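Since the structure comes first, as structure tokens, the remarks are kept for the end.
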Amino acid sequence: MMHEQVGEPGGKLSQNNRNTINTSRHIDEDIKKLEERKYLPKTAYIQLSAKCNLKCLMCGYAGWKGKRKDMDVEFFEIILNELKKSGIKRVCLFGAYGESMLHPNFFRMINMANKKGMSIVLNTNGTLLNKENIKRLVEMDIFNLQFSFAGYNKESYEQVYRGGIFEKVTENLFMLNDTIKTARAATFLEVNSVLINDDKEFSEKCKRYLIKNGLKENQILIKLAGNYGGRKKLGKRLNGVYSFKNTSMDNTIHTIRENIKICPFLIKTIGVYSDGTVTACGCVDNEGFLKIGSIKNETIFSMRNGKRYQNMLEKFISRDLKGLVLCERCDMQYGSKVFSSVFPMKGDATTNYSL
């Protein structure tokens, strides 16, 4: 089910448009970089499969209302060619779009992306791993492999990762880590722990458990869950919006805020669903709220330079996100301020790799 934006988008951005608005230095810099890239993104989030075998409490997949289908292999080839033509070199297979490893041709499609020179970021819940496919996965030269896991025992894990089996998943995680180290593979394995409670004790126990079983501290990213455009009821409720972000909201999180910046996901990413629909937000939009076209009959260049996408940028420039579905209630765009790691590390591997 795809959703149209409120109001028909306006025209392409111009310096005159920006001069009429008191834009911040950050926004001007963002637009300048976008113009230099001809508004093309850097990363494409691709939905190989619109299916998932878990019902995780912190994940936005539960909001998916489209058909739960797999992407055609031949169509994936077309997408890769369009990405390459558009100068996009990074493909992110994201958990909130579905579990990519459920696709019957998963390894074939990873190999196809590799042959096109794509840098691959794979997010997986790890439930489908075994000794044989772990070896195969490590040989695929995946740039960043994000293993979604949070917990330290059966109860703490399974109460969040509904449908997952703690013993099996942890066996897979530690086997994967050992295999990567033994093979001296270039793949960086990262445990992506997204919390549904601001619980310091839980975080410490999770971290100690992972380190005890062979993970290094720089492989562990513990962060609070985002609100997926206001759709997830996690954190504190204020003016109808749930969020862990400690912010003052006036009906929407950041309508007419002084420090608003253009969302990095809106600037740097697109999302491509299994049916070819393209969303402007590769991160939280798995329902088509921010649809800008279809890769079946449009180029990425035409979509990003088209009226729908340009109108979204205008909304951020004007600092008024009213009517911009998802964005007006989303806590994502403030990056590390929202996803404040309980255990700060040098850099944010997830943010850097997925963008």
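Laboratory data are not the source of any read-out in this text; all were calculated from the coordinates shown. Here the structure is a predicted model, which means the values were calculated and not measured. Heads up, the Cβs are rebuilt from the backbone with ideal geometry, glycines too, and the neighbour counts pull from every protein chain shown.
Express the Stokes-Einstein translational diffusion coefficient of region 37-191 in µm² s⁻¹, to the nearest whole number, given a Kirkwood radius over alpha-carbon pairs, 20 °C and a viscosity of 1.002 mPa s. Could the numbers behind the result be given before it?
On the way: Rh = 16.2 Å.
Here the translational diffusion coefficient equals 132 µm²/s.
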key: Hypothetical label at M112: residues of region 261-290 whose amide nitrogen lies under 16 Å (7 Å Cα-Cβ projection)   = 272-277
query = What is the set of long-range amide H partners of F188 at a cut-off below 5 Å, with H atoms built 1.01 Å from backbone N?
reply = N144, L145
key: C-alpha center-to-center spacing [region 70-144, region 277-322] in angstrom   = 23 Å
query = Based on the mean of other beta carbon atoms within 10 Å per residue, what is the order of 218-227, 317-326, most packed first?
reply = 218-227, 317-326
task = Could you work out, for region 58-145, what percent of all Cα-Cα pairs fall into each 5 Å distance bin, beginning at 0 Å and stopping at the bin that holds the largest distance?
result = 3, 12, 23, 26, 19, 13, 4, 0
query = What is the packing order of peptides 86-99, 115-128, 173-186, taking the mean over residues of other C-beta atoms within 10 Å and listing the highest first?
reply = 86-99, 115-128, 173-186
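Is there a quick way to get the dipole size of region 260-320? I mean about its Cα centre, with the Cβ of Lys and Arg at +1 and of Asp and Glu at -1; what is the value in debye to the nearest 20? Can you show the working numbers first?
Numbers: 9 positive and 6 negative charges, 44 e Å.
Approximately 220 debye in magnitude.
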ask   = Pulled fully out, how much extra length does the chain show between E77 and N218, if you take 0.36 nm times their separation in residues and subtract their Cα-Cα distance?
value = 47.3 nm
task = Using label points projected 7 Å from each Cα along Cα→Cβ, tell me how many nm separate F188 and S302, to one decimal.
result = 3.7 nm
